[in-house]
2 protein chains.
Amino acid sequence: MTARRAQRPVVRIRDVAQDAGVSPQTVSNVLNDQGRFTEETRARVLASVERTGYRPNRAARQLRTRRSRLIGLHLPAAQLSVSNTFSIAFVREVIEAVRRVDHQLVVLTTPVDSPDLDAELLAPGVDGYVLFNVGLDDPRPRVLVDAGVPYALFGRALDPDIQGWIDIDNAAAMTPLVDHLVERGYRTFGYVTYDDDAYWTQERWEGATARLAHHGLAIDPRWLLRGTEAEIRENVAPVLLGPDRPEAIICESDALAEIVHVMATRQGLLPGRDVAITGFDAVPMRFELEPSLTSVAIPVREVADAVVRQVLDEVDGAAAPTAGTFLPTRLAVGGST
Amino acid sequence: MTARRAQRPVVRIRDVAQDAGVSPQTVSNVLNDQGRFTEETRARVLASVERTGYRPNRAARQLRTRRSRLIGLHLPAAQLSVSNTFSIAFVREVIEAVRRVDHQLVVLTTPVDSPDLDAELLAPGVDGYVLFNVGLDDPRPRVLVDAGVPYALFGRALDPDIQGWIDIDNAAAMTPLVDHLVERGYRTFGYVTYDDDAYWTQERWEGATARLAHHGLAIDPRWLLRGTEAEIRENVAPVLLGPDRPEAIICESDALAEIVHVMATRQGLLPGRDVAITGFDAVPMRFELEPSLTSVAIPVREVADAVVRQVLDEVDGAAAPTAGTFLPTRLAVGGST
DNA sequence: CTGAAAGCGCTTACAG
DNA sequence: CTGAAAGCGCTTACAG
């Protein structure tokens, strides 16, 4: 226990000042790069910081500057599961993005429909929030707007007050995907999608069908498969992988495409040769599929960086120059088409 | 932007005091449940808190009490991936456990082998740390011990200074599993394991073989498969699922058991009828296996609660009553045996 | 049971 | 370029 209770004496800024023979104020200036000191002073101060092992007290700094250097990430527990491939990739990038701007990430997990959502979101005193998986009528941005807490979100909102969003253009993203399929010679199409009311579900469907129409093509209604993952898992073989099947199957997400891919393989069909399969997201999966999946890559890292930067701009009161920003997607061609 | 910049005036404790007609001190006492007030005062104060929308300034409280109410979770980025089924389940439970004790969770992702590990771990000013995936010679506990920062860990360490660990007894956990297999009549065994030097890898192997020996049984060396997930994926069929195969395959983890299960199914073998398969961890997977996997359940929630409680006890200076604690595992019998 | 004073460790004006 | 003073908003002794 001895080592455990080390309790080494706390070094304060005035100890460093004393050691360096300057005032606390000067130490503060050096540490916060405020200018107003000679290079020689700077060196002396830094040497003293090193020697004394000084580490600024965050609470004191926070009290004075009114900045916690904490960014909140709202991550309802349900989204932190191995089934949420995209969420996990996104969370990881947000953590890294926050680290790059020298802040700390605080994770909140209150369910979106909790009656305490407001209180819990406001309690931790973070400088701002990152939200994602935000639907058009999500209650969270409103809570933060009303409380005057800065935030940025990956997604979009209906309310024009809700600004500072970062998103991808789901419909537009389907254009190069469909063009690619048409170019490869595929002419009959199936579509696999979640049966939810998310706007991205809607937009991907509309983007795909519109672009197919542009080519004079369409998705045959009998090859449209909607449902939960479990339902799709069950129905994909009979509906889409029998002898009378489409040449290509467009899936709303990689998670769904993975199911189709696995089931196709199990039926003895080789994706890319016997049937084309496409996904959407292009994030790492539990096992890489073979042949690899053609998909639409969401620039997760860029989104995370943009969202975090947006929060900080808002915190700093830098005029938010945009209501929202679309980031470009990229077609990732694999062996499955 | 108007709504966005709401900037409502900050309510301080003295505003509440004024509203309630008491001193700031009394408001503080009520809010922190320090006794020393009448029930009537209490009600008046709480009403004023409600009316004014007061929310304590965390920085000020932290500066005064020297508690941030922040608990750090060190989660190197590599562990936050869909392949790390167990890590994801554990992180989720830690977040919830921290929330239950009314603290906030800060996530740090510095790689374990980073030269800045010390500095980054100490920078955020958390009250204490939760560590997991800790190996016997892990550098992290030492860093925290030396800095006098409280922590608790899921895992174990060699250094006797490193106390406050919570773990399961991997070897003991294998006893009921092996007994179950023997009881079901299985007499020939294969074993699938990672090729790493983690102590749990070692302990599970020893636990299984020792208990088999107790029954006068053993794992045939030609049915021992060691390697990375990719290697196991490739070799499991030829080594363990051919005509000359063991009756039962014990796997070090659910992740490996999943591979074996999928491959067995692909070979036309029905787990539980044609070959028995067991895992270890019993956390949710991307897709539930069918038949379900017999496995050893790690009490993830209990572990998370215990680790968080241990950190707080340490923070509060409550004597750490134990060097370490083993939590019990439970055999979860599924259809795969 | 309640109040006035002091102080946690910084940084932000303000003087020199 | 550097220093002495004030104050951020709480809570912790200390008096009454």
Could you identify the single residue in B:16, B:22, B:27, B:10 that is outside any helix (DSSP H, G or I), within 13 Å of DNA strand C (Cβ to nearest atom), modelled with pLDDT under 90 and of a type outside the set (Asp, Glu)? B:22
Are there any pairs with C-beta distances below 6 angstrom linking a residue in the range A:55-74 that is closer than 14 Å to residue A:312 by Cβ to a residue that is small (Gly, Ala, Ser) and more than 9 Å from DNA strand D (Cβ to nearest atom), with the two at least 6 apart or on different chains, and if so which? A:68/A:125; A:71/A:128
Mind checking whether some residue in the range A:67-84 is over 18 Å from the mean Cα position of the chain (by Cα) and not small (Gly, Ala, Ser)? yes
The lone exception for residue A:118 - which of (1) modelled with pLDDT under 90; (2) over 24 Å from the mean Cα position of the chain (by Cα); (3) in a helix (DSSP H, G or I) it fails: (2)
Residue by residue through the range B:260-288, note down the ones that are over 20 Å from residue B:172 (Cα atoms) and either under 23 Å from the mean Cα position of the chain (by Cα) or of a type in the set (S, T, N, Q) (or both). B:265, B:267, B:284, B:285, B:286, B:287, B:288
Among the residues of the range A:183-204, are any surrounded by fewer than 20 Cβ atoms within 10 Å (Cβ to Cβ), in the same structural domain as residue A:293 (by TED's automatic domain parsing), over 15 Å from residue A:253 (Cα atoms) and among the hydrophobic types (A, V, I, L, M, F, W, C)? no
Which condition breaks for residue A:306 when tested against (1) in contact with an Asp or Glu (Cβ under 6 Å, 6 or more places away or on another chain); (2) more than 14 Å from chain B (Cβ to nearest Cβ); (3) of a type outside the set (D, E, K, R)? (1)
Considering only the range A:70-78, I want to know if a residue exists there that is over 30 Å from residue B:282 (Cβ atoms), in the same structural domain as residue A:119 (by TED's automatic domain parsing) and within 16 Å of DNA strand C (Cβ to nearest atom). yes
Scan the range B:239-256 and tell me whether some residue there is in contact with a Leu (Cβ under 9 Å, 6 or more places away or on another chain), within 24 Å of residue A:229 (Cβ to Cβ) and of a type outside the set (A, V, I, L, M). yes
Close pairs from the range B:9-21: first in contact (Cβ under 8 Å) with a residue 40 or more places away in the chain, partner more than 12 Å from DNA strand C (Cβ to nearest atom) and part of a helix (DSSP H, G or I), Cβ under 6 Å, at least 6 apart: B:11/B:52
Could you grab the pairs with beta carbons closer than 7 Å, sequence gap of 6+ or different chains, first residue in the range A:219-247 and over 18 Å from residue A:265 (Cα atoms), second one in a loop (DSSP other than H, G, I, E, B)? A:220/A:188; A:220/A:246; A:223/A:246; A:226/A:195; A:227/A:195; A:228/A:195
Checked the range A:152-172 for anything more than 14 Å from the chain's Cα centre (by Cα) and within 14 Å of another protein chain (Cβ to nearest Cβ); matches are A:157, A:159, A:160, A:161, A:162, A:163, A:164
Going through the range B:92-103 in order, the residues found to be over 19 Å from residue B:316 (Cα atoms) and at the interface with chain A (Cβ under 7 Å from one of its Cβ atoms) are B:92, B:95, B:96
Residues of the range A:134-151 being buried (at least 20 other Cβ atoms within 10 Å of the Cβ) and away from every other protein chain (no Cβ under 13 Å), in sequence order, are A:134, A:140
Regarding residue B:52, is this residue within 23 Å of residue A:93 (Cα to Cα) and more than 16 Å from DNA strand C (Cβ to nearest atom)? no
Got a number for residues in the range A:176-197 being out of contact with any strand residue (DSSP E or B) (no Cβ under 9 Å at 6 or more places or on another chain) and farther than 23 Å from residue A:244 by Cβ? 3
I need every pair where a residue in the range B:162-175 that is at negative phi has its Cβ under 8 Å from the Cβ of a residue that is among the hydroxyl-bearing types (Ser, Thr, Tyr) and assigned to a loop (DSSP other than H, G, I, E, B), sequence separation at least 6 or different chains. B:163/B:322; B:168/B:329; B:169/B:329; B:172/B:329; B:173/B:329
Out of everything in the range A:40-86 that is facing chain B (nearest Cβ under 8 Å), in a helix (DSSP H, G or I) and within 12 Å of DNA strand D (Cβ to nearest atom), what residue ends up being surrounded by the fewest Cβ atoms within 10 Å (Cβ to Cβ)? A:60
Given the options A:98, A:112, name the one that is crowded, with 19+ Cβ neighbours inside 10 Å, touching a helix residue (DSSP H, G or I) at 6+ places or on another chain (Cβ under 9 Å) and not assigned by TED's automatic domain parsing to the domain that holds residue A:279. A:98
Would you say residue B:208 is under 24 Å from the mean Cα position of the chain (by Cα) and over 29 Å from residue B:310 (Cα atoms)? yes
Failed condition for residue B:102, given (1) acidic (Asp, Glu); (2) touching a residue at least 12 places away in the same chain (Cβ under 8 Å); (3) at negative phi, with all others met? (3)
Filtering the range A:165-222 down to residues that are of a type in the set (D, E, K, R) and in a loop (DSSP other than H, G, I, E, B), which residue is nearest to residue A:134 (Cα to Cα)? A:197
Does residue A:89 qualify as being surrounded by 18 or more Cβ atoms within 10 Å (Cβ to Cβ), closer than 30 Å to residue A:151 by Cβ, within 12 Å of chain B (Cβ to nearest Cβ) and in contact (Cβ under 8 Å) with a residue 24 or more places away in the chain? yes
Could we say that residue B:318 is aliphatic (A, V, I, L, M), farther than 28 Å from residue B:272 by Cβ, without any contact (Cβ under 8 Å) to a residue 40 or more places away in the chain and not assigned by TED's automatic domain parsing to the domain that holds residue B:184 here? yes
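The values are calculated or read from the model by the stated rules, or taken from the named source; none is laboratory data. Everything numeric in this text was worked out from a predicted model, so none of it was measured. Because the Cβ atoms are built from the backbone with ideal geometry, glycine has one as well, and the counts that use them run over all protein chains shown.
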